[in-house]
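A.B. asks: The structure's right below; bear with me while I get my questions together.
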Amino acid sequence: MSEEREKIYYWKNSLTWTIEDGVLNIEARKYKGHPVGVFSQLYYDFLKGKSERELEGYFSQYESRAARIIKLFVQDLMANGFLVSAIASPLELFQSQYQFIGDDYPEHFFLVKDNVDRYVEAKKHRFDSRQRSSSIVLVNTNDLPEVLHRRTSTRRFDVTKKVDMQVFNDLLISLCQKQHGESITYYYPSAGGLYPLNMYVFVKEGRVKGVSGGLYKLNPANHALIPHQLDADINTDAQYFTNKEIAKESAFTIYFTYDGEVNMQKYKGQGYFYGILETGILLGLISYYAEYLGLGSCVIGDMEFGKIESYFELNTNEVYMQSIELGMKLMIP
Ligand SMILES: Cc1cc2nc3c(=O)[nH]c(=O)nc-3n(C[C@H](O)[C@H](O)[C@H](O)COP(=O)(O)O)c2cc1C
């Protein structure tokens, strides 16, 4: 469907621009001359969106030399991601929200481990307030299931142990469809039963018994891992410093993407929000089920996905959400 639809260009989410001393500054880029004079009109026009077909005629309102320059300007805006024709990544979508939170910490504060430890400790104590006399105190009468007790994030994996194929199979089956006659259901909930998430699995060579290394795409309907890019060179380059060891030692990784084409027609922008929630549901499902199956797991919040994105060949409106590293836990005596 997305392949057939004509592209419509809009400004990217929370674009920042100024015109000062005759220079147009769009984020870190600077423009002079014709673009400065026409920018306010251009800005207004693209707020409403311009299709590729409309764009052809759009430049002819200017005399030929100006038209050529403005066309080049618009092409530059597209090349730099200021004018876009697809949904934004979650990172881009949410980054401006930070402006409402006070900047209370110096620039490199969170690069110092002690600072982070103290910060985390303080947040964990944020509920420590006096109880009201009318509070209902919850008492542990039934012990929680063992697997809930045991789950923690695993950051050291045993690189000498292979994951059993049956365990690998069982874990991935939890992301697949259950088919009973005509009806299709899943092991997890999804808004409207639309299931807009895609899953990709990168297996390291020799780390899962009976499974060749490489990038696979999960087909939840056929219960199959389809080879996607078996020679994908996914190493730790895309990982931030603190996550490099985790990604280096894990046996396999599951990447979740959200495809806006699947639920946005029904839910509009809210569909994206549901996609994020459903990613969280899947990370929860995988973390607990992995623990149950004897695997360790660690969610990776942020990475430079752009460095490996080409291997995934995502659809136009498909964006990377999160990944989770899995493998046999390293037993430290
Ligand atoms: C959305 C999300 C992102 C996370 N990102 C990372 C990460 O990038 N690196 C990491 O080591 N742990 C990551 N974690 C794991 C948390 O650090 C961990 O859950 C937390 O410290 C509590 O510890 P526990 O899971 O062992 O109970 C992430 C967890 C979540 C839910």
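A.B. asks: Taking only Cα atoms and a 10 Å spring cutoff, compute GNM fluctuations for the chain and point out the largest among Tyr58, Tyr186, Tyr216.
C.D. replies: Comparing Tyr58, Tyr186, Tyr216 in a Gaussian network model of the chain, the most mobile one is Tyr58.
A.B. asks: Can you give me the distance in nm between label points at Lys12 and Leu285, each placed 7 Å from the Cα along the Cα-to-Cβ direction?
C.D. replies: Computed distance between label sites Lys12 and Leu285 equals 3.3 nm.
A.B. asks: Related question: Step through the residues of the stretch 58-73 one at a time and calculate ³J(HN,Hα) from phi using the Karplus curve (6.51 cos²θ - 1.76 cosθ + 1.60, θ = phi - 60°), rounding each to whole Hz and writing x for Gly and Pro.
C.D. replies: Using θ = phi - 60°, the values come out as 4, 6, 6, 5, 9, 5, 4, 5, 4, 4, 5, 5, 5, 5, 4, 4 Hz.
A.B. asks: Note the full-extension length gain between Tyr62 and Lys30 as 0.36 nm times their separation in residues minus their Cα-Cα distance, in nm to one decimal. Please report the intermediate quantities before stating the final value.
C.D. replies: Details: separation 32, 0.36 × 32 = 11.52 nm, distance 2.19 nm.
Contour length minus Cα-Cα distance gives 9.3 nm.
A.B. asks: Okay, next question. If Rh is defined by the Kirkwood formula over all Cα pairs and Rg also comes from Cα, what ratio Rg/Rh do you get for the stretch 8-85?
C.D. replies: So for the stretch 8-85, dividing Rg by the Kirkwood Rh gives 0.93.
A.B. asks: By counting other Cβ atoms within 10 Å of each Cβ, how are His108, His223 ranked from fewest to most?
C.D. replies: If I rank by nearby Cβ atoms, fewest first, I get His108, His223.
A.B. asks: Whole-Hz ³J(HN,Hα) for each residue in the stretch 188-201, computed from phi via Karplus 6.51 cos²θ - 1.76 cosθ + 1.60 with θ = phi - 60°, x for glycine and proline: what do you get?
C.D. replies: 9, x, 8, 4, x, x, 8, 6, x, 8, 10, 10, 10, 10
A.B. asks: Between Leu277 and Ile173, what length comes free when the chain is fully extended (0.36 nm per residue of separation minus the Cα-Cα distance, one decimal in nm)? Don't skip to the answer; put the middle values down first.
C.D. replies: Values: separation 104, 0.36 × 104 = 37.44 nm, distance 2.04 nm.
So the chain would gain 35.4 nm between Leu277 and Ile173.
A.B. asks: Show that you can apply the helix-only estimate: for the chain, add -39,500 (n - 2.57) for every DSSP H stretch of four or more residues, divide by all residues, and state [θ] at 222 nm to the nearest 500.
C.D. replies: -9500 deg cm²/dmol
A.B. asks: Work out from phi, with θ = phi - 60° and the Karplus expression 6.51 cos²θ - 1.76 cosθ + 1.60, the ³J(HN,Hα) of each residue of the stretch 321-333, listed in order in whole Hz, and give x for Gly and Pro.
C.D. replies: 3J(HN,Hα) across the stretch 321-333, in whole Hz: 10, 7, 9, 9, 8, 9, x, 6, 5, 7, 7, 9, x.
A.B. asks: Give the lysines whose C-alpha is closer than 27 Å to that of Lys30, dropping any in the same chain fewer than 8 places away, or say none.
C.D. replies: Excluding near neighbours in sequence, the set is Lys7, Lys12, Lys48, Lys50, Lys71, Lys307.
A.B. asks: Mind checking which lysines have their Cα closer than 24 Å to the Cα of Lys124? Skip sequence neighbours fewer than 8 apart in that chain.
C.D. replies: Straight-line reach from Lys124, under 24 Å: Lys113.
A.B. asks: Rank the residues Tyr240, Tyr289 as a footprinting-exposure proxy: fewest other Cβ atoms within 10 Å of their Cβ go first.
C.D. replies: Least crowded to most crowded, the residues run Tyr240, Tyr289.
A.B. asks: Using only alpha carbon positions, build the gyration tensor of the stretch 147-327, then give the equivalent ellipsoid semi-axes as the square roots of 5 times its eigenvalues, largest first, whole angstrom.
C.D. replies: 25, 19, 16
A.B. asks: Please give the length that would be gained between Gln95 and His223 if that part of the chain were fully extended, namely 0.36 nm times their separation in residues minus their C-alpha to C-alpha distance (nm, one decimal).
C.D. replies: Going from the current span to full extension adds 42.4 nm.
A.B. asks: Helix 270-293 versus the longest principal axis of the chain: what is the Cα-based angle in degrees, 0 to 90, to the nearest 10?
C.D. replies: Once rounded, the angle reads 20 degrees.
A.B. asks: Just check the chain against the gyration tensor rule for me: Cα atoms, a ≥ b ≥ c as the square roots of the eigenvalues, rounded for a/c under 1.5, and otherwise prolate or oblate depending on whether a/b exceeds b/c.
C.D. replies: Prolate.
A.B. asks: Let me ask another. Sorted by packing (mean other beta-carbon atoms within 10 Å per residue), highest first, where do 41-49, 262-270, 320-328, 154-162 land?
C.D. replies: Values: 41-49: 12.9, 262-270: 15.2, 320-328: 23.2, 154-162: 16.9.
Highest to lowest by the protection proxy: 320-328, 154-162, 262-270, 41-49.
A.B. asks: Next question, about the same structure. Lys209: which lysines have alpha carbons under 19 Å from its alpha carbon, excluding same-chain residues fewer than 8 sequence positions away?
C.D. replies: Lys161, Lys162, Lys217, Lys248, Lys329
Every number in this text was worked out from the coordinates using simple rules, so none of it is lab data. This is a predicted model, so every value here is computed, not measured. Counting neighbours? That spans all protein chains shown, and the Cβs are built from the backbone with ideal geometry, glycine included.
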